[in-house]
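Chemist: Can you keep this structure in mind? I'll have questions shortly.
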Amino acid sequence: MSFVAPVFYSLNKSPLLIKVISGFNPLTCQIQAIRSIVFGHFSSFYIGISLGLTIITVIVSNVIINKLNISLT
């Protein structure tokens with residue numbers, strides 16, 4: 001996933017196929033949110049998507065864990 005996300009390169013000059021694939025990669029939004037914070041250009045779009053994906057992941061994980069029959073003995 002990190003090779004499709006713009007961790008090591010900029011998406012501006014990348015091929016169209018890489019741009020399309022990275023659009024579906026949640027790591028891309030997280031990297032863009034971190035870059036926007038670090039460089040002082042706060043992008044509420046990327047920060048909101050990252051927070052939304054994090055909240056959805058926590059809720060789904062919580063539901064799955066609650067349905068598991070785990071006994072710690």
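The values are calculated or read from the model by the stated rules, or taken from the named source; none is laboratory data. Keep in mind that this is a model prediction, so the values were computed, not measured. When we count neighbours, we look across all protein chains shown, and the Cβ atoms used for this are built from the backbone with ideal geometry, even at glycine. Areas reflect the complete protein model, heavy atoms only, side chains present, ligands, DNA and RNA absent. Shrake-Rupley method; radii C 1.70, N 1.55, O 1.52, S 1.80 Å.
Chemist: Are any residues in the stretch 34-73 hydrophobic (A, V, I, L, M, F, W, C) and open to solvent by less than 80 Å² (accessible area, probe 1.4 Å), and if so, which ones?
Modeler: Going through the stretch 34-73, the residues hydrophobic (A, V, I, L, M, F, W, C) turn out to be 34, 37-39, 42, 45, 47, 49, 51, 53, 55-56, 58-60, 63-65, 68, 70, 72.
Those that are hydrophobic (A, V, I, L, M, F, W, C) and open to solvent by less than 80 Å² (accessible area, probe 1.4 Å): 47, 49, 53, 60, 63.
Chemist: Next up: Quick one: what pairs do we get from the stretch 4-27, first residue farther than 13 Å from residue 49 by Cβ and among the hydrophobic types (A, V, I, L, M, F, W, C), second in a helix (DSSP H, G or I) and open to solvent by 60 Å² or more (accessible area, probe 1.4 Å), C-beta under 9 Å, 6+ apart or different chains?
Modeler: Once the first residue is farther than 13 Å from residue 49 by Cβ and among the hydrophobic types (A, V, I, L, M, F, W, C) and sits in the stretch 4-27, its partners that are in a helix (DSSP H, G or I) and open to solvent by 60 Å² or more (accessible area, probe 1.4 Å) give 4/21; 5/30; 11/19.
Chemist: Within the stretch 23-73, track down each residue that is closer than 25 Å to residue 9 by Cα and polar (S, T, N, Q).
Modeler: If the condition is that a residue be closer than 25 Å to residue 9 by Cα and polar (S, T, N, Q), then 25, 28, 30, 32, 36, 43, 44, 50, 54 are the ones that fit.
Chemist: Name the single residue that is farthest from residue 54 (Cα to Cα) among those in the stretch 28-42 being in contact (Cβ under 8 Å) with a residue 12 or more places away in the chain and not β-branched (Val, Ile, Thr). Break it down stepwise before answering.
Modeler: We begin by selecting, within the stretch 28-42, every residue in contact (Cβ under 8 Å) with a residue 12 or more places away in the chain; these are 28-33.
Add one more test, that the residue is not β-branched (Val, Ile, Thr), and what stays is 29-30, 32-33.
Values: 29: 11, 30: 10, 32: 15, 33: 13 Å.
Of everything passing the filter in the stretch 28-42, 32 is farthest from residue 54 (Cα to Cα).
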